[in-house]
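Computed from the coordinates by the stated procedures, all read-outs in this text should not be read as laboratory data. Worth saying up front: this structure is predicted, and the values here are computed from it rather than measured. Here Cβ is always computed from backbone atoms with ideal geometry, including for glycine, and neighbour counts include all displayed protein chains.
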Amino acid sequence: MLTTVEKTVHINGRALTLEDVVHVARHRRKVEIDAGSVQAMQKSRDYVEKLLRDKKVVYGLTTGFGKFSDTYISEEDAKAMQLNLIRSHACGIGRPFAKEVVRAIMLLRINALAIGYSGIRPEVVQLMADMLNRGVTPVIPEQGSLGASGDLTPLSHLALVLVGEGEAYYEGERLPGGEAMAKAGLAPIVLEAKEGLALINGTQVMTAVGVLACWDAERLVDWADNAAALTAEALYGVRDAFDDATHALRPQLGQRLSAARIRRLTAGSRLMTNQGERRVQDAYSLRCAPQVHGASRDAIAYVREKLEIEINSATDNPLIFPDEDRVISGGNFHGQPIALAMDHLAVSAAELANISERRIERLVNPHLNENLPPFLTTNGGVESGFMIAQYAAASVVSENKSLAHPASVDSIPSSGNQEDHVSMGTIGARKARQIVDNAYNVLAIELLCGAQAADYRDPSLLGEGTAWLYRRIRERVPFVDRDRVLSGDFKTIADWMKRTDSLAELEALLDQ
């Protein structure tokens, strides 16, 4: 759960957290740029102005971009070049990103520029912060980024609104960018030399999508443990498999955490069984839940680490080092660190859904479900119960397998082969986001099947934690006593699972 209590997120380029991003993106926290960052930005800007006066040859400042990096641009053409850059690169395709994603993009771009190595005027960055604080949200199409040279295309759609062009949402309306800015009491800005490039050269789109996906995936692992525990009780699971004596001999952190969580959830259960009482061991989808969930838990922790580095990094090109009297053209815009992390996140979330669907099958299959009614309905034949719920889960799991194909292993050269290796990191992040959402739906189906099975067993026999789960599910979705449309039930539970506060009470219960 979120623990930050401040009403304003302070930006200095170095200390942003995933929690801060969620606060701003989803809960509309205000942002404030620290004075030290303003000074750092001004210092690098002053150096850029000196380079212009001295007519130094610097990429993106006095040269063109990409394949045009050897084309000299005069000082009088520099302003026009920056605006042309934004317009020409705004080649987005497809549906717009969700507003929460765009807010996260804006925050991350502000933070990267606030480090002070981009040569942009502080007032340009402040205008972006004002847009964020006043609710001006640029319309940014999802598709069009190669994830190297940064997220050029989507960030160009963001930059368009800063100059009064493009489109933006404001107070529920989709408006021309200039009109949205005017209604918010903001004036567009005229970009100076280097500033267009500074606004669009970075990894903030893939990283913003990744941060929100990772945040939700961290909670997804807990929900996977929750669902597995409820299913294990419904199927008279063998508790020995979760004993720490086994997991201590293979001290993978995520595995031990998931096993411990399932033990706490099922504590006091009169449905769990001892080894040899009904059978010696369970199928893998039950017995190996800690090992599978734990591997995903560890992978997601790795993804968080990479994201927290990235959100506090300078990722544009060139970077300005005024104290060293240097401008370095490098490759921090290349999205490969995030591309690989996003592919890792995609696979990790897909596996949580994969094993969940196998547990759903065991709950509904009369050959596997320990004498529960076939498909969890008492009037089988006339009614289908949860038969097609398993179909839906299987369909989503199959879709996830296609989506989990890594994006980071692909590359298509661009810009006349100057940019001859790209990351496809934004595609990877978008796919990971979709897989996480799909996994929530699969786990929602498992929880509903588990609650239905618990009704047939006797909910009073559940463990303390699983009894809490059962009660909260039943507060939202009633027992399925006859066939009805289940799609709305799946959505109700999935939406509840995604809520920031959904696990707070359970966590307090388990921590006692």
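Values for this structure:
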| quantity | calculated |
| --- | --- |
| Spatially proximal lysines relative to K55 (Cα-Cα < 17 Å; intrachain offsets below 8 disregarded) | K79, K194 |
| Ratio of the Cα radius of gyration of region 249-373 to 2.2 N^0.38 Å, where N counts its residues | 1.65 |
| Angle in degrees between helix 289-310 and the longest Cα principal axis of the chain, rounded to the nearest 10 | 10 degrees |
| C-alpha long axis of helix 487-498 to longest principal axis of the chain, angle in ° | 60 degrees |
| Cα gyration tensor shape for region 363-407, rounded if a/c is under 1.5, else prolate or oblate | prolate |
| Share antiparallel - DSSP beta bridges, region 8-202, percent rounded to 5 | 70 percent |
| Relative contact order %, region 210-511, counting alpha carbon pairs below 8 Å whose residues are six or more apart | 24 percent |
| Positive-end residue, the chain charge dipole about Cα centroid, Cβ charges, pick of L461, G94, I311 | L461 |
| Residues T137, T377 arranged by fewest to most Cβ contacts within 10 Å | T377, T137 |
| Principal-axis tilt of helix 387-403 within the chain, Cα atoms, nearest 10 degrees | 30 degrees |
| Reference-scaled alpha-carbon Rg (2.2 N^0.38 Å with N residues) for region 210-511 | 1.14 |
| Rounded to 5, the percent of DSSP beta bridges in the chain classed as antiparallel | 70 percent |
| Longest exposed-site-free window of the chain, the sites being trypsin sites (Lys or Arg not before Pro) in a DSSP loop that have at most 15 other C-beta atoms within 10 Å | 57-269 |
| Taking the C-alpha atoms of region 8-202, convex hull volume expressed per residue in Å³ | 108 Å³ |
| Fewest-first sequence of S395, S402 by Cβ atoms within 10 Å of each Cβ | S402, S395 |
| Cα gyration tensor, the chain - rounded (a/c under 1.5), prolate or oblate | prolate |
| Estimated 222 nm signal from helices in the chain, with DSSP H stretches of n ≥ 4 weighted -39500 (n - 2.57), rounded to 500 | -18000 deg cm²/dmol |
| Proxy reagent accessibility, fewest Cβ within 10 Å first, across C214, C288 | C288, C214 |
| Net dipole in debye of region 8-202 [+1 Lys, Arg Cβ; -1 Asp, Glu Cβ; about Cα centre; nearest 20] | 240 debye |
| Charge dipole magnitude, Cβ of K and R +1, D and E -1 - the chain, Cα centre, debye nearest 20 | 520 debye |
| Between region 268-342 and region 381-411, the alpha-carbon center distance in angstrom | 23 Å |
| In region 225-311, GluC sites (Glu not before Pro) in a DSSP loop with at most 12 other beta-carbon atoms within 10 Å | E277 |
